[in-house]
1. Sort out which residues of the range 214-268 are among the aromatic types (F, W, Y) and touching a helix residue (DSSP H, G or I) at 6+ places or on another chain (Cβ under 7 Å), and write them in order of number.
2. What residue, of N97, N64, is more than 22 Å from E249 (Cα to Cα), at pLDDT 95 or above, assigned by TED's automatic domain parsing to the domain that holds Y150 and over 23 Å from the mean Cα position of the chain (by Cα)?
3. Assuming L90 fulfils every condition listed in (1) modelled with pLDDT under 95; (2) over 20 Å from D9 (Cβ atoms) apart from one, which condition is it?
4. Select from the range 20-47 the residues that are of a type in the set (D, E, K, R) and under 15 Å from Q67 (Cα atoms) and list them in ascending order.
5. Could you tell me which residue of the range 291-333 is surrounded by the most Cβ atoms within 10 Å (Cβ to Cβ), considering only residues that are in contact (Cβ under 8 Å) with a residue 24 or more places away in the chain and among the basic types (K, R)?
6. Could you list, in sequence order, all residues of the range 194-243 that are under 15 Å from the mean Cα position of the chain (by Cα), buried (at least 22 other Cβ atoms within 10 Å of the Cβ) and of a type outside the set (A, V, I, L, M, F, W, C)?
7. So which strands (runs of 3 or more DSSP E) are wholly in the range 170-227 and hold at least 2 residues that are of a type in the set (A, V, I, L, M, F, W, C)?
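The values are calculated or read from the model by the stated rules, or taken from the named source; none is laboratory data. It should be emphasised that the depicted structure is a prediction, and the values quoted were computed from it without experimental measurement. No Cβ is skipped: glycine too gets one built from the backbone with ideal geometry, and neighbour counts run over all protein chains shown.
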Amino acid sequence: MPRFLHVSDVHLGFDRYDNKERTLDFFRAFQDALEKYAVEAEVDFVVLAGDLFEHRNIQPATLNQAQVCLQMLQEEGIPVLAIEGNHDNLPYGTKTNWLRYLSDWGLLILLEPESTDAGALVYEPWCSQKRRGGYIDLDCGVRVLGSNWYGASAPQTIQSMATAIQVLPAGPKHAIALFHHGLEGQVSRYAGALRYHEVLPLQQAGIDYLALGHIHKSYTMENWIFNPGSVEANSVEESLYQRGVYLVEINETGIHPELKSDYYQRPVLRLSLSARGQESIEELEQSAIIQVQKAIQSRRLNPTEAPIVELRITGQVGFDRLELNVRQLQQQLQQLSGALIFLLKYEVDSLEYASPLSPEATHQEIEQEIFTDLLVANSKYKKRAPELAQGLINLKEMQLEGRPETELYTFAQSLLEFQAPDPITAPFD
């Protein structure tokens, strides 16, 4: 009974947060998943459905991480059958990539169909001497077929793949095809996803396990299409996805995949705080601190694990939103939470004209409240807001009376320096 591990979207060299520890997380996750569900599970082979690397051009340390993991499998006699993804396909203007390098050194088998002059695909059997080929028949009784990254041309290419597969000589009972692309309806904001009927020709050509990659969320379809998702979450949003690696067993009743996610992954916690427009800056900061403390007390957050934490502050504030020192608060919350990375998303609007007024309010009352709300939104003037609001009303009346500009200027200056003077008795130059 053949057993294999289906892995995709490893993204070694991930550097989005410019944090060396976070970059190492992707290596640790890949290594641990392989140890548990390839080596310890004693699988016959591993399939890698694209995006081993985050970038097409990689750093030496990233290449070393890939070599460490692949050499571990090589020492156990477990072959790795791989295809390229959009992240690690040929860099523009080059004839090779790092997957080809690893394949030439015998650390994996890169399965790539060839193209005729007319654009049709041709599957040649894997040649261990040339280190080239589009498919391989394994001793465990499984045929594995590869592909390339086709982007927008994927629907047309699938039909060509199916035609090429149908003319191959008879092989093992079970056939697996590796393809790096996503199906529609799995995640939002994904343009160019394949429709089910566009991949159906592969099943009709004899493929009974379509090993997908590209979308970082685990999903299956019609019991023959399988996508494990990314090995590690690439963002806090992806932490909500079910994802992992598929440990697959083939027996007399068919193909049976089991999603495995019990391996090293960095904990991720998302918190939220809604501002109501009545809090001062100090009160809002304290609410953020309390939110983190509650997460620690409820054991949703363990500072000793150095998690990734996101706090999203939304709603409305009764002060100029730019007055909050976001960087200082973020540093304080990171220290409190023990987070490796603390993401503070400050997405609020400044609240204006917030004071409740009855329908019977007079024009003067409405005017007073509008000026007061505007002044309260400024930390410099909010303590004197009622007094300054009356002063602004007096200033407006003086202007309507046609007072000279010098009088208006003197009145405004005295208003800001001390308190609103009586517009009738105030001294003028």
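1. Hits for the range 214-268 are W224, Y263, Y264.
2. Values: N97 fails: at pLDDT 95 or above.
Being more than 22 Å from E249 (Cα to Cα), at pLDDT 95 or above, assigned by TED's automatic domain parsing to the domain that holds Y150 and over 23 Å from the mean Cα position of the chain (by Cα) holds for just one of N97, N64, which is N64.
3. Tallying (1) modelled with pLDDT under 95; (2) over 20 Å from D9 (Cβ atoms), L90 fails exactly one: (2).
4. Across the range 20-47, the qualifying residues are R28, D32, E35.
5. Only one residue fits best here, namely R321.
6. H214, H216, G229, S230, E232, R243
7. Working: elements: 174-180, 209-213, 219-221, 225-227.
Output list reads 174-180, 209-213, 225-227.
Residue-by-condition table, conditions (1) touching a residue at least 24 places away in the same chain (Cβ under 8 Å); (2) closer than 18 Å to L48 by Cβ:
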site	(1), (2)
P113	yes, yes
Q129	no, no
R132	no, yes
G146	yes, yes
W149	yes, yes
T157	yes, no
M161	yes, no
